[in-house]
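**Q** My structure is below; once you've seen it, I'll send some questions.
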Amino acid sequence: MRTLFVAGVSLSVLGSLAHADDETIYVTGSRIARPDLQSVSPVLIIDRDQIDISGANSAQDLVSLLPQAGVPGLTDTNSNFNTLGGGVNQANLRNLGHQRTLVLVNGRRHVGGLPGSPVVDLAMIPTPLIERAEVVTGGASAVYGSEAITGVVNFILADEYEGLEANIRYGDSFAGGAEDFDASIIAGTGFADDRGNIVVHLGYSDRGALQSKDRDISANDIERSPFGAAGAYVIPGSGLFTQDAETSLFNKGFVLPEDG
């Protein structure tokens, strides 16, 4: 009897090897489902009909509607003074931080949306092509590692699309400002007697700016605001400094209750 060790093979290769009756085959590193990794864990599934009913315009809007989701640190309408993350949409399950939420597309890890970070920008996922979304919040880190401490969001995209679809949306607030415009077009067709399918998605999104000074409720910083009007500056070895209101010199130690 021959023993064959196969590493990293795919299911199609195994299918051709499994016909040998006198061989013992050991497989490692494949995508074949392992019974020892299967466990009873609740999975929330949102199908295409529910996505359409929700009116979500982006994948982040869809995730934010879930009871398992917390408030993301970065969205397309709030960057928390982070100039490097403007317009980024993140998932934050259980409100424990986006670094602990794993986002998959068709069961595979997706490219990160921030420089030097694996955190996925949900705006990169075309919402009209989402067939369903699967959310697991229990025991996911045992399989996926520390990235999935709070859970996994897996977006399944349609693998077959026929026809042409166009979407246009415009929105504005009653108080004015922050107008937004979205337009997208999807085209798909089958080929080779429907053994293959090609889909093209083009989208354009424009979000208008709305500054805090444009609303009376946020025009002025409240007491203890962490963002001082005169700023806070770091002097290595000496701490934070800001402008002295009496002398106009930037030599006053920054005190949060006074200078925020």
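**Q** By counting other Cβ atoms within 10 Å of each Cβ, how are Asp61, Asp259, Asp193, Asp52 ranked from fewest to most?
**A** Numbers: Asp61 17, Asp259 22, Asp193 6, Asp52 10.
Arranged by neighbour count, lowest to highest, Asp61, Asp259, Asp193, Asp52 become Asp193, Asp52, Asp61, Asp259.
**Q** Also, quick follow-up: Jot down the radius of gyration and Dmax of the range 139-260, Cα atoms only, both in angstrom.
**A** Rg then Dmax for the range 139-260, in Å: 26.0, 80.
**Q** Still on this model: Calculate the length of the line joining the C-alpha centroid of the range 112-189 to that of the range 52-69, in whole Å.
**A** Distance between centres, Cα-based: 9 Å.
**Q** Report the dimensions of the range 161-218 along its three principal axes from the alpha-carbon atoms, largest first, rounded to Å.
**A** 62, 15, 13
**Q** Still on this structure, please answer the following. Residues with amide H under 5 Å of His110's amide H, sequence separation 5 or more or different chain, H placed in the peptide plane at 1.01 Å from N; which?
**A** Long-range HN contacts for His110: Val105.
**Q** Moving on. Around Pro128, under 12 Å between beta carbons, what's the net of Lys plus Arg minus Asp minus Glu among the other residues?
**A** -2
Each value in this text was obtained by applying a stated rule to the coordinates, not by laboratory testing. Not measured: the values here are computed from a predicted model. Cβ coordinates were reconstructed from backbone atoms using ideal geometry, including for glycine residues, and neighbour counts include every protein chain displayed.
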